[in-house]
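To start, the structure under review is shown below, and the notes come after it.
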Amino acid sequence: MNPAPSKKLSGLPPYLFVKLAALRRQAEAAGLSVIDLGQGSPDLPSPRHVVEALRSSALEPWTHRYPPSSGLPDLRRTVAAWYGRRFGVKLDADKEVVPLIGSKEGIAHLLMALLDPGQGVLVPNPCYPVHYNGPILAGGKVHLMPLKEENKFLPDLSRVPAAKARASKVLILNYPNNPTGAVIEGTDFLKEALAFSKCYGCLIAYDNAYSELTFDGYEAPSILQLPGAKARAVEFHSFSKTYSMAGWRIGFAVGNAAALAQLSKFKGFLDYGIPAFVQKAAIAALDGPQDCVAESRRIYQSRRDALVRALAEAGWDVPPCRAGMYLWGKIPAKAAKKGSLAFVTRLILEYGVVISPGVGFGPFGEGYARFSLIAPEDKLREAARRIGRFLAKF
Ligand SMILES: Cc1ncc(COP(=O)(O)O)c(C=O)c1O
């Protein structure tokens, strides 16, 4: 038996990071010592006090049972309190907070909960893959909004055709942005997005997974800080990057109560939520000392500086990011002729350096590559030296 995939599934390319992992294995099998700056999976350990909270919670038998699918009330209250402290936004813990098995799960399932077949979604591009794949798997129709360097990697909403805007039920936005590293300055763009949402009646799904990993004194806003935003937006957060808990699978969505009620209802049919001992540990993360977050910021910022410097010495000028955990660089013209995937494939197989090809984040990522800051500085410098040797070949 060889069942054919659904049309929705066969319409999607293999997941980028699965492809990069296969190339990595090939390089290792050929004897290369690989430096992997591909996927954004933090290499820093989760905070000690959070691991301790997991350990003690896991010893309590009640945490072994099915958790309530809407999350532990205690976690929802803790999220609401953290949000109030961090953004000055008051949330109703019962109606405006939904714990998630990671924000990736929540984004994909929100789209499945809201979309009918053929309904539109406005998706920035390049983008974190689930922003594109999620709408496709939900049966939706994607309209890509290019993120261009000359527009500071913000979508030009005025260029979205009115018919596409009217046909779209959801507008996806993500700042601090993956993969470009772009951030929101001031409130003009968010105000414009809210006005657009009001004009065309689309919900804003605002992915704020990197809100806490910011550098040089920059502070990322929440879209919910703008007046009237709760009526129009849902915002996604993650423990994966803030607390280096990517493997724990926990995040949360906040904001528009009606959209979140649909997400919760949908999830109730599919999953039982996050294991209770992980939820208890997440409470310890939000409620506990935050110096671990400051330390992660310091480490990523210092890695950023080290890699920007080393790449410049290797002949590749890449701008420093002000948030997130990625550098996004235009591949030097002489090396970009065959496209970013061909460039990255050779870099992995011949030099053992894994980075992500820009085209893996969509057609408007072509010509770029993304570096994840997930290795110590000496490894980053070694990766840049190897890249320099590769570039010298062109
Ligand atoms: C922009 C963005 N959103 C969401 C996620 C997924 O986060 P989580 O681990 O919470 O599912 C990522 C992961 O890299 C991301 O880059």
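Output yes when any residue across region 79-98 is farther than 26 Å from LEU226 by Cα and either among the polar types (S, T, N, Q) or more than 16 Å from the ligand (Cβ to nearest atom) (or both), and no when none is. No, the conditions are met nowhere in region 79-98.
Yes/no matrix, rows are residues, columns are (1) within 16 Å of the ligand (Cβ to nearest atom); (2) out of contact with any helix residue (DSSP H, G or I) (no Cβ under 6 Å at 6 or more places or on another chain); (3) assigned by TED's automatic domain parsing to the domain that holds PRO117; (4) of a type in the set (Gly, Ala, Ser):
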position	(1), (2), (3), (4)
LEU12	no, no, no, no
GLU28	no, yes, no, no
GLY31	no, yes, no, yes
VAL34	no, no, no, no
SER41	yes, no, no, yes
ARG55	no, yes, yes, no
ALA58	no, no, yes, yes
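Taken residue by residue, region 85-99 has at least one member that is surrounded by fewer than 17 Cβ atoms within 10 Å (Cβ to Cβ), at pLDDT 95 or above, assigned to a helix (DSSP H, G or I) and assigned by TED's automatic domain parsing to the domain that holds MET245.
Considering region 55-76 alone, what residues qualify as being within 16 Å of ILE101 (Cα to Cα), aliphatic (A, V, I, L, M) and assigned to a helix (DSSP H, G or I)? LEU75, the sole residue that qualifies. Does LEU190 meet the test of being of a type in the set (A, V, I, L, M), under 23 Å from VAL254 (Cβ atoms) and either without any contact (Cβ under 8 Å) to a residue 40 or more places away in the chain or away from the ligand (no atom under 12 Å from the Cβ) (or both)? Yes, satisfied.
Restricting attention to region 107-129 and to residues that are touching a Lys or Arg at 6+ places or on another chain (Cβ under 8 Å) and in a helix (DSSP H, G or I), the residue that is surrounded by the most Cβ atoms within 10 Å (Cβ to Cβ) turns out to be HIS109.
Residue count for region 231-259 satisfying the condition of being assigned to a helix (DSSP H, G or I) and within 11 Å of the ligand (Cβ to nearest atom): 7. Among residues of region 218-241 that are more than 24 Å from ILE101 (Cα to Cα), those with a Cβ under 8 angstrom from a residue that is part of a helix (DSSP H, G or I) and within 16 Å of the ligand (Cβ to nearest atom), sequence gap 6+ or separate chain, pair up as ALA229/ILE223. The combined condition, being on the phi > 0 side of the Ramachandran plot, in contact (Cβ under 8 Å) with a residue 60 or more places away in the chain and crowded, with 18+ Cβ neighbours inside 10 Å, is not fulfilled by GLY365. The set of residues in region 191-215 that are within 21 Å of the chain's Cα centre (by Cα) and either closer than 23 Å to PRO320 by Cα or among the basic types (Lys, Arg) (or both) comprises ASP207, ASN208, ALA209, TYR210, SER211, GLU212, LEU213, THR214, PHE215.
Against the definition (of a type in the set (Ser, Thr, Tyr) and modelled with pLDDT under 95), how does SER56 come out, yes or no? So SER56 does not fit the description; no. Scanning region 222-230 turns up at least one residue that is outside the structural domain of ALA323 (by TED's automatic domain parsing), under 24 Å from ALA282 (Cβ atoms), in contact with a Ser or Thr (Cβ under 9 Å, 6 or more places away or on another chain) and within 16 Å of the ligand (Cβ to nearest atom).
When region 99-135 is filtered for residues that are closer than 19 Å to VAL160 by Cα and more than 9 Å from the ligand (Cβ to nearest atom), the ones remaining, listed by number, are GLY118, GLN119, GLY120, VAL121, LEU122, VAL123, PRO124, ASN125, PRO126, TYR132, PRO135.
The values are calculated or read from the model by the stated rules, or taken from the named source; none is laboratory data. Treat the numbers as computed from the prediction; the structure is a model and nothing was measured. We place every Cβ from the backbone using ideal geometry, glycine too, and count neighbours over all the protein chains shown.
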